[in-house]
1. Which residue out of Arg106, Arg135 is more than 16 Å from the ligand (Cβ to nearest atom) and in a helix (DSSP H, G or I)?
2. In the range 213-300, which strands (runs of 3 or more DSSP E) lie fully inside it and hold 1 or more residues that are of a type in the set (Phe, Trp, Tyr) and closer than 28 Å to Asp100 by Cα?
3. Can you tell me which residue in the range 1-10 is nearest to the chain's Cα centre (by Cα), limited to those that are modelled with pLDDT of 95 or more and open to solvent by 40 Å² or more (accessible area, probe 1.4 Å)?
4. Does Gly202 satisfy the criteria of being among the small types (Gly, Ala, Ser), in contact with a Gly (Cβ under 9 Å, 6 or more places away or on another chain) and part of a helix (DSSP H, G or I)?
5. Being under 17 Å from Ala410 (Cβ atoms), polar (S, T, N, Q) and either open to solvent by 30 Å² or more (accessible area, probe 1.4 Å) or out of contact with any strand residue (DSSP E or B) (no Cβ under 7 Å at 6 or more places or on another chain) (or both) narrows it down to one of Ser451, Ser435, so name that one.
6. Taking the range 141-174 only, how many residues are of a type in the set (A, V, I, L, M), assigned to a strand (DSSP E or B) and within 16 Å of the ligand (Cβ to nearest atom)?
7. With the checklist (1) away from the ligand (no atom under 16 Å from the Cβ); (2) not basic (Lys, Arg); (3) not in a helix (DSSP H, G or I) in hand, flag the one item Ala187 doesn't pass.
8. Quick check: anything in the range 329-340 modelled with pLDDT of 95 or more, part of a loop (DSSP other than H, G, I, E, B), open to solvent by less than 30 Å² (accessible area, probe 1.4 Å) and not charged (D, E, K, R)?
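The values are calculated or read from the model by the stated rules, or taken from the named source; none is laboratory data. Source: prediction; values computed, not measured. As a convention, Cβ positions derive from the backbone with ideal geometry for all residues, glycine included, and neighbour counts pool all protein chains shown. Note: areas computed on protein heavy atoms with side chains; ligands, DNA, RNA excluded. Shrake-Rupley method; radii C 1.70, N 1.55, O 1.52, S 1.80 Å.
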Amino acid sequence: MAHMIIGGKAVQAQSGKTLEVRSPVDGLTFETIPRGEAADIDLAVAAARQALNGAWGKMSALERGRLMLKMAQHVLDHAEELALLEAQDTGKPMTTARNDMVVLARYFEFYGSAADKIHGEVIPFLNGYQVNLLREPLGVTAHIIPWNYPAQMMGRSIGPALAMGNAVVVKPAEDACLSCLRIAELALEVGFPPGALNIVSGLGEEAGAALAKHPDINFISFTGSNEVGVLIQQAAALNAVKCVLELGGKSPHVVFSDANLELAASTVVRGIIQNTGQTCTAGSRLLVQSDFYEEFLSLVAEKFSKVRVGTPEMNLDCGPVVNLSQQQRVNKYIAQAQQDGLKILAQGQIDPNVPNGGYYVTPTLFGQVPAEHPLAHEEVFGPVLAAMPFVDEAHAIALANGTDYGLLAAVWTENGGRQQRVAKALKCGQVFVNSFGAGGGVELPFGGVKSSGHGREKGFMALEEMSTTKTVIHFHG
Ligand code: ADP
């Protein structure tokens, strides 16, 4: 049975309650996790506060950084074990799970290296004054993690928080958290002081809600659905704490007729099947200039039809989706679009040897999707791509910006002026030009506008988000 880490100890929920963990591969139970509740969150927050007032709070930035670099190496030393856990828990292909652990280690490396490189400032003021701007930790930071990339998301969220000297409480997703629980244990092994990193598994509406509204936290980072994002923001408001929200997306590829077709077509397909489409930044809309729409879509369809779905060990393009409700959700979108008369241009294939009872879905490419159809503006969170033509640059921009979301976008054109114009006109947090990297780049500030959320993760901007400043005004005459 897996366990939580609170105050440096491996523990079960105080109530003794557990949750069963089902494998997406065959739908069977293979593990149990503690069902932490408000009482466990109370202990975790208290342990974090104690760590801030104790050994963790006294560590210099240099020492914190070194510990994080040690953690990066420890993750790499355990990468295969973590990848197996992640693949078992989420169903993702082993290659993807292995890559996720490299990225997890990179988060600790990047933020560990940055820990002692964030400086304060000296501000010129009136004669006779010295003004110092100190950068300080926020205190106890709460991190509510989704199930699509559990390990990576945990690294992304706690990396900058720990680097800045906060003590963290993590609530991973009930649907996939085994890697997160193990990461917390690895952190103890490398010498993080008790309470610096606490983790409480459990249900969102129990442990998650208790953490979000806890009066002794100083910050919340949340990645997940828009519905829960609103609840998190409300809870944060009641305690007047800051939150960073990374919510959904409906990210478009905007492909002009002068694009490198081969590169664009293969990148577009990869951008929607990655992690079986369960990525906030999945490139789920394909906007193509009308005069070469047919030509480009036939290339995309040819590649799309080669997509294969299987178990993690088969190591194909996609694994199953994470659970039954996610499978039903994706299938419902596909069935509804067919009922509405949308044309399927291509479908991938589920390997005939996958076990019964697993949560497999068929990757599907729909063509000529009208802008008002739900598939053109709602997030499916599965391997379903909606293609539609545009006539000119202005039309492309209007379509691209025509959803509630604003997370990521890609523009494909060899025309330099157009690259700049379109990139500036797109309303989102990241724009790729002639490439696409869903979720990629530890160094690159990332986050949304509009309903995709607010605040920035990754890069140095996350260090600013997860710290505060104090202006010390000293009159010396
Ligand atoms: P999904 O619908 O894709 O599972 P969620 O937004 O429900 O996404 O889940 C993302 C994370 O938010 C998970 O860790 C989940 O446990 C947590 N969560 C869900 N509901 C709540 C809630 N009411 N309060 C706090 N956290 C929650």
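1. Arg106
2. 219-223
3. The extreme case among them is His3.
4. Here the answer is no, as Gly202 does not meet what is asked.
5. Exactly one residue qualifies, and that residue is Ser435.
6. Count: 6.
7. With (1) away from the ligand (no atom under 16 Å from the Cβ); (2) not basic (Lys, Arg); (3) not in a helix (DSSP H, G or I) applied to Ala187, the lone miss is (3).
8. no
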